[in-house]
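Working notes for the structure below.
The values are calculated or read from the model by the stated rules, or taken from the named source; none is laboratory data. All of these numbers come straight from a predicted model, not from anything done at the bench. A quick note on method: Cβ atoms are made from the backbone with ideal geometry, for glycine too, and the neighbour counts reach across all protein chains shown.
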Amino acid sequence: MPTGNPRAAVTPGRWLAVKRLAALIGAGALLAATYWSLRLGYADLVYARGTEEAAETAVRLAPACAAYLEAAAKGREGLELAREALPTSSKLLIKLGLLSESEGDLAAAERYLLRAASVDRGYLPRWTLANFYFRQNRMDEFWKWGRQAGDMAYSDQSALFDLYWRTGARPEEILARGIPDRPQILAQYLNYLLLRDRIAEAEPVGERLLEAATRDSLPLLVSYSNHLLRTGRFRIALDVWNRLCMRGILPYQPLDPPQGRIITNGDFRWHPLAAGFDWRIQQIEGVSIGLSGPSGPLRIAFSGKQPEHCLLLEQILPVAQGSTYRLDFRTRRAEPSGGAGLIWRVWDYEGARVLAERSIGTEIKEEQNQSFVFTAPAGDPAVRLRLEYHRPLGQPRTEATIYISAVLGSPEISGGR
């Protein structure tokens, strides 16, 4: 009489056969999965070679992979077949557009490329359209798609900027029509111009970048300030520097030459940038120069093997032409004696003429204050403050450690020294 339990009707032999069959099916599935995993992995390895033959081999190994199909498709027939499988592939549409252009069918080329831009909101279709319209000398469309490409770009855009300059457009037109107000692209374009020494053209770009500057912009904007100083654009360099200070991107007080504020980082609280209006520490064999702690003072250690004459430290000072300034400096020595040969000098900006100088005293070990005055020459909106070492005649090279805790500037009051 039936029991109603299906398992009860199965003999032990049949049950064992079912278990073995299930195990075989599982093993087969595992083997199949392993096979396809290895096959797909090998296809990816082959595809990574980056050649047409590699892409074709990868398609044969993994015909359902869109990336392989896009890369392997060539010729109109092959591209159209691939597009049937991938109707919204922007890469295939771009290939078809460029192929149509090469065949002289410009209307079809434009349709394909515009379709690629409509299905893909990324960079490549817009960059391709900008190039297409550039080749066709359709400048309004060129600027439209070039700007859209720049608006979403993060990698190096030198090729796009090169294309802009090849149009023969004026720099202000390039900036207005081709450069979006994104800090990333403004920074790239400013760097592009600086590398090509187009400093005048860089000024309005730097102005726009300053309005949106962040701490990430600091290295580039300080480099920009250096270029401005190098080419004699002192007023703009000072404006860039002060705006960075006022926004807290630089940790210094803004400079104001008419009020006597001409020294940057005078207490050496911050590690010098070696750029702009900050200190430039020189690398001299036999001399170690650096901050003695997290916030100063500056330590200069002479080994006795330094050159007989060398520049140790320099800062560009903005000045009001014809004004007289007082410079105060505070130093101490680590040893009871030594340190002879250290001289503060103010040079004209070109470094052709010494305007004033003062030797650092070596008589006492304790901290000492010294000062001297100089008058800014007419026609020079900046001068150079330098700390130099010159071995005194008849004396050995100094072996000493000097600490400089402050360098201050102020307007000279009548009767001061």
The range 237-248, residues that are surrounded by fewer than 18 Cβ atoms within 10 Å (Cβ to Cβ) and either on the phi < 0 side of the Ramachandran plot or in contact (Cβ under 8 Å) with a residue 40 or more places away in the chain (or both)
239, 243, 245, 246, 247
For residue 226, work out the one condition from (1) outside any loop (DSSP other than H, G, I, E, B); (2) buried (at least 20 other Cβ atoms within 10 Å of the Cβ) it doesn't fulfil.
(2)
Is there a residue being surrounded by 14 or more Cβ atoms within 10 Å (Cβ to Cβ), under 41 Å from the mean Cα position of the chain (by Cα) and modelled with pLDDT under 95 anywhere in the range 359-367?
yes
Given the conditions (1) assigned to a helix (DSSP H, G or I); (2) over 29 Å from residue 236 (Cα atoms), and given that residue 121 satisfies all but one, which numbered condition is not satisfied?
(1)
From the list 290, 351, 266, 276, exactly one residue is small (Gly, Ala, Ser), surrounded by fewer than 17 Cβ atoms within 10 Å (Cβ to Cβ) and assigned to a loop (DSSP other than H, G, I, E, B). Which is it?
351
Give the number of residues within the range 162-178 that are hydrophobic (A, V, I, L, M, F, W, C) and either surrounded by fewer than 16 Cβ atoms within 10 Å (Cβ to Cβ) or over 16 Å from residue 200 (Cβ atoms) (or both).
2
When every residue in the range 124-161 that is assigned to a loop (DSSP other than H, G, I, E, B) and within 22 Å of the chain's Cα centre (by Cα) is compared, the one surrounded by the most Cβ atoms within 10 Å (Cβ to Cβ) is 157
Picking from 197, 216, the residue that is within 13 Å of the chain's Cα centre (by Cα), surrounded by fewer than 17 Cβ atoms within 10 Å (Cβ to Cβ) and either polar (S, T, N, Q) or over 12 Å from residue 276 (Cβ atoms) (or both) would be 216
Check residue 206 against each of (1) over 23 Å from residue 156 (Cβ atoms); (2) part of a helix (DSSP H, G or I); (3) touching a Leu at 6+ places or on another chain (Cβ under 7 Å) and name the one condition it does not meet.
(1)
